1. For the residues 5, 68, 15, what sequence is obtained by ranking on other C-beta atoms within 10 Å, fewest first?
2. Principal axis extents for segment 361-407, Cα atoms only, whole Å, descending order, please.
3. What is the Cα coordinate range of segment 599-742 on the first, second and third principal axes, sorted by size from largest, in whole angstrom?
4. In what order do 604, 358 fall by count of nearby beta-carbon atoms within 10 Å, going from fewest to most?
5. Based on the Cα atoms of segment 3-125, what semi-axes does the equivalent ellipsoid have, where each is the square root of 5 times one gyration tensor eigenvalue, given in whole Å with the largest first?
6. Report the calculated FRET efficiency for residue 680 and residue 123 (r = Cβ-Cβ distance, R0 = 60 Å), to the nearest 0.05.
7. Packing-wise, with mean Cβ within 10 Å as the measure, how do 194-204, 371-381, 475-485 rank, highest first?
8. Fewest Cβ neighbours within 10 Å first, please rank 470, 110 accordingly.
């Protein structure tokens, strides 16, 4: 693995840490004072800072260090996390994300903004108001350790001397206890290197505690048995000491105490405990006496190196001994293996997989489904009885294929939480720009949906959030005058419903001013002045290209492209959107999207000689119409009586222009469907061929958009079948055109 791959992994982990940071800060802003929440926020910034230091990302390290210091004040109860404090920290989290993106993509960040936040964070940490001018503090931030001159052995000599104690004032003295855990070594850290860095801070004496070291046959090569008691005289302060251990802080027991009196070493206690080990064993890879660092502290570091080599050699010996005794004790070895397996299972292991590999796997599974359907169709056509062994085997293959497909689709399932968290920042930024007080509430963040849907969901949600903040929520003054809380609320929820994901955006603003919307549409020549539109149709005018109610163009709105983008994005995802608005009380935007863009369960039907697939999630029931249940309504409308209620009957063949005259309902089959915002309709088809699981193929990507058709698929006999857009057909039955450019409502 090269450095670029390691760096890419770091930035992927940064995304997770930034999401954890914002999630924790929002919980704290809602009143959560759980210490674990505070610690999680602190660890997120600390981890980003540590990784950035390893790659020399100085700007990111400097800002993260100041941010971390302020969070540490909250963690130690020196700073109360009030709403004002958390408002600063949320903005700091935004800047930290910008710095991370700039480090990854090579962009730049507004220096004045980041410097201003540094001053605010420092002021909060000092318990005072933010100063007018303050430089960015980066001196104490860790940086990559510069390589010192080395000799032929590869070891770096450490200059060390006790001469500083002759006539100089005594330096502050610290007592340090350092005990590694087994995770420290498994993550690539080395106690000897940490002690080397520590010795550079000043004069140091060290004592290695080996009391926990077991006998050779009882030793675990991966365990940590040594600890060190260190006395250090330095003027760098406790922060500098802890900075040495910052990469290992979570994998060791570290205690740093300032001594009551700063005194020079007496020399009464040896700076190290001699290690009873023959150094000649280290000739091939360890340090010899001639290349060890000079001075007592150098000897102490050499002792640590020796201890590390002891562990490595002892571990090798222990492994060899385990091999020799494995034959004599197979039960013990099996028990140890079972214990390790149980421990690994409990840890919940995960791996990172390139998304392209998952996409290729899904495409192959889709082809497997198609070929399995073709094979089944061929066998059925040649086996009239359907009782052959091959037929039975194909049924098992079909079940296995379905399980494989479900498992692969589950790999792509992702919670919508990352997209929802991005909306928090947009709400904060737009609210600050327009001078409004707005709070975002999210629910159902763990609702899972296909990764492809999530990736394409961010753009329409962004436009809708900006629209709600800019147009939907009133200013604090207007809200108070209307008897409302000056702080507006935007609620974003996600949930599963009927095999789809439904996302609702609700605001408690003024609602849609339908008179103003209608007049704006007339002024922009989007509708005729004498057009007779219902409230629903007026609300849907905001989705038309070029429509905007803004009086002037600003950085936020006014160009009439935002909600048009929402319409096209949702339509491209095979979804639909509806609006419900109550003047004076707010608006609700409801998006209904497919859980996946790869497969669906459908009912294969025949209409005027054409084969169509109706999504099974839209079908409530199927029925055979009888003549006495069919009733005419108006010139060309018909109703069907179902259990003492009437439902409009929709001729699919006539809507899609497959035939010029209406078919006889008694000769066909009715599919009772339920659409978003359209109620129930009975779709009339000629016949039902059966239920199939089909692989979705995009018509727009391979051909062009076809009104009333959502996508296409390949059937078992090799024919191409069109997947019906139920909502578009239902909308057309209410008098709306199927042509996209004339449609006032969005149909997936």
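1. So the residues, fewest neighbours to most, are 5, 15, 68.
2. Cα extents, longest axis first: 35, 15, 10 Å.
3. Here the Cα extents, ordered largest to smallest, are 43, 35, 28 Å.
4. Lowest to highest Cβ neighbour count: 358, 604.
5. Working: eigenvalues 111, 50, 28 Å².
Equivalent ellipsoid of segment 3-125: 24, 16, 12 Å, largest first.
6. About 0.45, to the nearest 0.05.
7. Result, highest mean first: 194-204, 371-381, 475-485.
8. 110, 470
Laboratory data are not the source of any read-out in this text; all were calculated from the coordinates shown. Remember, predicted model here, so these are calculated numbers, not experimental data. Don't worry about glycine lacking a Cβ; one is built from the backbone with ideal geometry, like all the others, and counts go over all protein chains shown.
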